[in-house]
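Here the structure comes first, spelled out in structure tokens, and everything after it is commentary.
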Amino acid sequence: MFGSLIFTVWGAETNLYSNPGFEEWNTRDDLPATAWRWVLPRNSRNAFEIFERTDKEKHSGQYSLHLKDSDKSPVNHTLGFNIGEKEAEQLGLGGKILHFSAWVKQIAASRPGIVGISLYAVGSDKKVYTANATVDAAGPTGWGELQTKLKLPEKPVHIIAFLWCANGFNNTGEAYFDDIVLTASPVSQDVTSY
């Protein structure tokens with residue numbers, strides 16, 4: 001049911017995703033963390049019918065993120081966690097493998113493959129690199145872990161880790177997200193196969 005659903009041990013790398021379980025909340029901006037961190041459709045959390053931290057459903061801890069999109073217009077309803085060029089350089093991410101996972105519980109989707117996670121990177125040469133993992137069903141699911149990875153360019157100028165609520169134009173969807181993990185490892189240490 002979940003694409004790329006594979007158990008792996010990633011080691012003890014630092015999680016780059018601040019607030020991975022949505023246990024804290026930026027109440028001033030009504031976002032999971034500092035406002036500049038996030039890439040939102042139409043540059044607004046109001047593009048979602050539901051955008052909330054909730055205790056109604058969770059994989060672990062006390063909270064999860066609940067997203068719902070009922071807008072059938074040509075908008076990708078995704079939420080992106082942003083890592084800029086200077087931060088990528090400070091973290092030494094160039095040329096590494098970026099690993100991204102999230103626990104996802106889908107409530108509904110207008111078609112399979114629109115709820116999921118995605119990595120997006122742009123190199124200094126303007127080349128775009130992407131990888132994703134999606135829920136391979138349109139109906140409700142239980143909690144399942146999605147995982148993907150991406151070899152970053154040597155000089156990334158922009159990196160975004162996306163949560164897809166309803167990716168693709170004219171799609172609708174609803175899902176809960178929890179326990180996000182975003183880590184980097186040298187290519188020589190990458191043993192994952194998903």
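Specify the residue with the greatest mean-square fluctuation among Ala35, Ala175, Ala138, computed from a Gaussian network of the chain linking alpha-carbon atoms under 10 Å apart.
Residue with maximal mean-square fluctuation among Ala35, Ala175, Ala138: Ala35.
Using a Cα-Cα cut-off of under 12 Å, which aspartates and glutamates could be cross-linked to Lys151, ignoring same-chain neighbours fewer than 8 residues away?
Once the sequence-local aspartates and glutamates are set aside, what remains near Lys151 is Asp190.
Taking a cut-off of 17 Å between Cα atoms, list the aspartates and glutamates near Lys127, but don't count ones fewer than 8 places away on the same chain.
Straight-line reach from Lys127, under 17 Å: Glu85, Glu154.
Name the residue, out of Pro74, Pro140, Pro32, whose mean-square fluctuation peaks in a Gaussian network model built on the chain with Cα pairs under 10 Å.
Of the options given, Pro74 has the highest mean-square fluctuation.
What does the charge dipole of the chain about its Cα centre add up to, to the nearest 20 debye, if the Cβ of each Lys and Arg holds +1 and the Cβ of each Asp and Glu holds -1?
With only Lys, Arg, Asp and Glu charged at Cβ, the dipole is about 420 debye.
Pop out the carbon and sulfur fraction of the accessible area of the range 34-87 as a percent, whole number, probe 1.4 Å.
43 percent
Give me the one-decimal Kirkwood hydrodynamic radius in Å for the chain, with the sum taken over alpha-carbon pairs.
16.7 Å
Looking at the range 95-162, which trypsin sites (Lys or Arg not before Pro) are in a loop (DSSP not H, G, I, E or B) and have at most 14 other Cβ atoms within 10 Å?
Passing sites in the range 95-162 are Lys126, Lys127.
Straight distance only, please: which lysines reach the Cα of Lys56 with their own Cα at less than 28 Å, same-chain residues fewer than 8 apart left out?
Cα-Cα hits under 28 Å: Lys68, Lys72, Lys105.
The values are calculated or read from the model by the stated rules, or taken from the named source; none is laboratory data. Bear in mind the structure is a predicted one, so any value in this text is a computation, not a measurement. Glycine also receives a Cβ, built like all others from the backbone with ideal geometry; neighbour counts cover every protein chain displayed. All accessible areas refer to the heavy atoms of the entire protein, side chains included, with ligands and DNA or RNA removed. Shrake-Rupley method; radii C 1.70, N 1.55, O 1.52, S 1.80 Å.
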